[in-house]
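S.K.: There's a structure below that I have some questions on.
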Amino acid sequence: MNKLRTLLAGLAIAGAAVVAVPTAAQADGGCGSGNFCAYADDTNYLYQEGGGSSSWPAQVKNKVDWVRNSGVAVGRHHVNIYWGDDNSGAYACIGYGTEWNLRNNANKFSWTRNGDNRGLGDKVHDNAASHRWVYGCGNGTW
């Protein structure tokens, strides 16, 4: 009976580790100053980019679980995260110095530009494909 309890306790701990938010060291892997970072649990892949990207690598595209904006506080320091490739569709905007755990599905694509409403209202978790640095958050930012 004790072995069964030990086994069940071990499985519970292992299960919790699978859904746990990665620590800063695990997730950001040292997300460098000036970078936008996206992490995917499925592939255990950290994507870091100092500029914009019209198409994320397959290891993180539409698989993202966590994002961080480690930009610098001058110029374009917000990041629009787009539903589609080529900075298309609806977008979410993450401010400077902010990180989002997307697993709780609280962050949505809530802004649009040029009438491209694809993905509007969808969760960012596992649905993002590209990003762009912008001066501020809101509809029509570029």
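Throughout, read-outs are computed from the coordinates displayed, never taken from laboratory work. Only a predicted model underlies this, so the values are computations on that prediction, with no experimental measurement involved.
S.K.: Which of rounded, prolate or oblate describes the range 86-127 when judged by the alpha-carbon gyration tensor and an a/c cut-off of 1.5?
M.R.: oblate
S.K.: What's the extension gain from TYR135 to ARG118 if we count 0.36 nm per residue and subtract their Cα-Cα distance?
M.R.: Taking TYR135 through ARG118 to full extension adds about 3.8 nm, to one decimal.
S.K.: With the cut-off at 1.5 for a/c, could you classify the range 23-134 from its C-alpha gyration tensor as rounded, prolate or oblate?
M.R.: Oblate shape, in that a/c is at least 1.5 and b/c is the bigger or equal ratio.
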